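**Q** Got a structure for you, questions after.
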Amino acid sequence: MNILILNGAPLNGRGAAHIIIRKAIENESAARGLNVTAFDLAGMDIKPCHGCFACWLKHPGVCAIRDDQENVLRAMAASDVVVWTTPVTFGGYSSELKKALDRFIPNLLPFFALVKGEVHHPHRYVRMRKLMVLGTLPVPSPDSEKVFRMLVDRNALNMHSTNTQVALLREDAVETGIQHAVKELFEKAEVL
Amino acid sequence: MERQKALLIVGSPKGLKSTSHVLGSTLLEKLKSGGMVAEEIIVGAALHSEESLEKMQGALEEADLVVFSFPLFVDQVPAPLIKTLELIAHRRAARRPEQQQRIMAIVQCGFPENIHNQPACGTMRQFAREAGFVWAGILAMGMGGFIGGRPLEKAGGVVRNVVKALDLAAAALLRGEAIPDEAAEIMGKPLMPRWLYMVAANWGFRRQLKKRGTRKQADARPYEA
């Protein structure tokens, strides 16, 4: 089983907790015998999506921009579990995580189809996957957390995720607290 | 009395050719007709250099009303616009203009249902709160693909509700009020029946694939292990 970790922490103070989070996810994955692929997105050359749809129409499945995102797309297609980690940013993801997510379009098909009563794009790849998302906040913020959970739910629908779990942690959480939260997340997602 | 300043920030990578620009600039024209001074900035260009970024920050500090117009990307605000919001909030944490500033947003997605826009609406409202702006509301719509970057007058009667919503929003903003619920409700109404939009969009995709000679590769899986 393959697990893909996308670390969306920026290269500033808000990213510190994510070093511990990433390590905890890697340790938990190793304990469960998973093959881990991890990307620290902040240091990668991933340009913004042009919205050109060449990945649907001109050369289906391949983005017109050739940069580090190609490795992310390849790993995504091969993954059984995906983990996103990010500082909660205005109730959403950091720009570092989002720059990679915006470029997931090649892994979808252009056509519209009904999914649970709503229109979505079918997936290009048959493999289904689970989604785990870890967000960090400087202080508890019910409004921000509500938007964040809603966003993850919407992404899960679009990704056709088979099991979606969210955890929200304080940016100053201690290592043991992070390890506990990560373990709980894996258990809830039934990543065996 | 000094004229109020409006700043349009367009978050689409297609810039001036985008539906986001069509919607935002239509609103801006209405605000100008009502006596406001207006300026517009494209996010991609603003993030291009330190100099252009500083120019955007300067224009933002001068503005009484900031209008963000953007397409929905993967259920949310596009990454370059999130980056812009991060930079604005960072600047305002250290130095905030004395005058009260209002922000509003326009978001449109290619899906027929408006519900897809909800997280982006929440994020823009949360940004206003965290960066210390007065929230003036948001106009959100589905079926943005129908406009396809055309001026609204060329899109015909199908977009009459969009025009009406922008009229109502502009009138309220000129009075110093938030966007009325009626405007948001009208903006969110489907432009056409969902089945028709789906049929038209799927037909359009197939036609484009055929034109490019890629129809047989449409469901290719280049990264399959």
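The values are calculated or read from the model by the stated rules, or taken from the named source; none is laboratory data. It should be emphasised that the depicted structure is a prediction, and the values quoted were computed from it without experimental measurement. Cβ sites come from the backbone with ideal geometry, for glycine too, and all protein chains shown count toward neighbours.
**Q** Taking the conditions exactly as written (of a type in the set (Asp, Glu) and either facing chain B (nearest Cβ under 9 Å) or assigned to a strand (DSSP E or B) (or both)), does A:Glu26 satisfy them or not? Show your work before the answer.
**A** Values: of a type in the set (Asp, Glu): yes; either facing chain B (nearest Cβ under 9 Å) or assigned to a strand (DSSP E or B) (or both): no.
Against the criterion (of a type in the set (Asp, Glu) and either facing chain B (nearest Cβ under 9 Å) or assigned to a strand (DSSP E or B) (or both)), A:Glu26 does not qualify.
**Q** Just one of B:Glu50, B:Glu62 is without any contact (Cβ under 8 Å) to a residue 40 or more places away in the chain and either surrounded by 18 or more Cβ atoms within 10 Å (Cβ to Cβ) or on the phi < 0 side of the Ramachandran plot (or both); which is it?
**A** Every option except B:Glu50 fails the conditions.
**Q** Among (1) at pLDDT 95 or above; (2) more than 12 Å from chain A (Cβ to nearest Cβ), there is one condition B:Gly156 misses while meeting the rest; what is its number?
**A** Result: B:Gly156 passes all but (1).
**Q** Across the stretch B:123-148, what is the number of residues that are outside any helix (DSSP H, G or I) and more than 11 Å from chain A (Cβ to nearest Cβ)?
**A** Count: 12.
**Q** Can you tell which of A:Asp40, A:Asp80, A:Asp67 is touching a residue at least 60 places away in the same chain (Cβ under 8 Å), charged (D, E, K, R) and surrounded by fewer than 21 Cβ atoms within 10 Å (Cβ to Cβ)?
**A** Being touching a residue at least 60 places away in the same chain (Cβ under 8 Å), charged (D, E, K, R) and surrounded by fewer than 21 Cβ atoms within 10 Å (Cβ to Cβ) holds for just one of A:Asp40, A:Asp80, A:Asp67, which is A:Asp80.
**Q** OK, next. In the stretch B:68-99, what residues are outside any helix (DSSP H, G or I), under 23 Å from B:Leu28 (Cβ atoms) and within 14 Å of the chain's Cα centre (by Cα)?
**A** Hits for the stretch B:68-99 are B:Phe68, B:Ser69, B:Phe70, B:Pro71, B:Leu72, B:Phe73, B:Val77, B:Pro78.
**Q** Does the stretch B:152-188 hold any residues that are touching a Lys or Arg at 6+ places or on another chain (Cβ under 6 Å) and surrounded by fewer than 20 Cβ atoms within 10 Å (Cβ to Cβ), and which are they?
**A** So the first thing to find is which residues in the stretch B:152-188 are touching a Lys or Arg at 6+ places or on another chain (Cβ under 6 Å), and the list is B:161, B:170, B:186.
Scanning the stretch B:152-188 gives a single hit, B:Asn161.
**Q** Mind telling me which of the residues A:Phe111, A:Phe148, A:Phe104 ends up being at the interface with chain B (Cβ under 7 Å from one of its Cβ atoms) and within 16 Å of A:Val83 (Cβ to Cβ)?
**A** So the residue among A:Phe111, A:Phe148, A:Phe104 that is at the interface with chain B (Cβ under 7 Å from one of its Cβ atoms) and within 16 Å of A:Val83 (Cβ to Cβ) is A:Phe104.
**Q** Please go through the stretch B:78-122 and pick out each residue that is closer than 18 Å to B:Ala45 by Cβ and at the interface with another protein chain (Cβ under 10 Å from one of its Cβ atoms).
**A** Result: B:Pro78, B:Ala79, B:Pro80, B:Leu81, B:Ile82, B:Lys83, B:Thr84, B:Leu85, B:Glu86, B:Leu87.
**Q** Go over the candidates A:Leu57, A:Leu97 one by one and state the one that is within 15 Å of the chain's Cα centre (by Cα) and at pLDDT 95 or above. If you could, list the steps in order and put the result at the bottom.
**A** On the way: A:Leu57 fails: within 15 Å of the chain's Cα centre (by Cα).
Every option except A:Leu97 fails the conditions.
**Q** State the number of residues belonging to the stretch B:195-225 that are facing another protein chain (nearest Cβ under 7 Å) and surrounded by fewer than 12 Cβ atoms within 10 Å (Cβ to Cβ).
**A** 1
**Q** In addition: Restricting the search to the stretch B:149-182, which residues are in a helix (DSSP H, G or I), hydrophobic (A, V, I, L, M, F, W, C) and more than 23 Å from B:Ala38 (Cα to Cα)?
**A** Once the filter is applied, which keeps residues that are in a helix (DSSP H, G or I), hydrophobic (A, V, I, L, M, F, W, C) and more than 23 Å from B:Ala38 (Cα to Cα), the stretch B:149-182 yields B:Val158, B:Val159.
**Q** To continue, here is another question. Take the residues in the stretch A:65-119 that are part of a loop (DSSP other than H, G, I, E, B) and among the basic types (Lys, Arg), then tell me which one is nearest to B:Glu113 (Cα to Cα).
**A** A:Lys116
**Q** I'm trying to understand the selection: among the residues of the stretch A:84-114, which are in contact (Cβ under 8 Å) with a residue 40 or more places away in the chain, out of contact with any Phe, Trp or Tyr (no Cβ under 9 Å at 6 or more places or on another chain) and within 20 Å of A:Leu57 (Cα to Cα)?
**A** A:Arg103
**Q** Related question: Go through the stretch B:60-75 and give me each residue that's aliphatic (A, V, I, L, M) and out of contact with any helix residue (DSSP H, G or I) (no Cβ under 9 Å at 6 or more places or on another chain).
**A** First pass over the stretch B:60-75, keeping only residues aliphatic (A, V, I, L, M): B:60, B:63, B:65-67, B:72, B:74.
Scanning the stretch B:60-75 gives a single hit, B:Ala63.
**Q** Then there's this: Give the residues of the stretch A:115-125 that are more than 16 Å from A:Leu151 (Cα to Cα), free of Cβ contacts under 8 Å to residues at least 60 places away in the same chain and at the interface with chain B (Cβ under 7 Å from one of its Cβ atoms), sorted by residue number.
**A** Filtering the stretch A:115-125 down to residues more than 16 Å from A:Leu151 (Cα to Cα) leaves A:115-117, A:119, A:121-125.
When the remaining residues are screened for being free of Cβ contacts under 8 Å to residues at least 60 places away in the same chain, the result is A:115-117, A:119, A:121-123, A:125.
Residues satisfying the conditions are A:Val119, A:Tyr125.
**Q** I would also like to ask the following. With respect to A:Ala77, determine if the residue is among the small types (Gly, Ala, Ser), touching a His at 6+ places or on another chain (Cβ under 9 Å), facing chain B (nearest Cβ under 10 Å) and closer than 30 Å to B:Lys216 by Cβ.
**A** No, not satisfied.
**Q** Kindly indicate which of A:Ile46, A:Ile19 is surrounded by 21 or more Cβ atoms within 10 Å (Cβ to Cβ) and either within 16 Å of the chain's Cα centre (by Cα) or more than 10 Å from chain B (Cβ to nearest Cβ) (or both).
**A** Selected residue: A:Ile46, the only one of A:Ile46, A:Ile19 that is surrounded by 21 or more Cβ atoms within 10 Å (Cβ to Cβ) and either within 16 Å of the chain's Cα centre (by Cα) or more than 10 Å from chain B (Cβ to nearest Cβ) (or both).
**Q** Just name the residue that is farthest from the other protein chains (Cβ to nearest Cβ) out of those in the stretch A:126-145 that are of a type in the set (A, V, I, L, M, F, W, C) and not in a strand (DSSP E or B).
**A** Only one residue fits best here, namely A:Met128.
**Q** Restricting attention to the stretch B:76-86, does a residue exist that is β-branched (Val, Ile, Thr), out of contact with any Ser or Thr (no Cβ under 9 Å at 6 or more places or on another chain) and within 30 Å of B:Phe205 (Cα to Cα)?
**A** Looking for residues that are β-branched (Val, Ile, Thr), out of contact with any Ser or Thr (no Cβ under 9 Å at 6 or more places or on another chain) and within 30 Å of B:Phe205 (Cα to Cα), one finds none in the stretch B:76-86, hence no.
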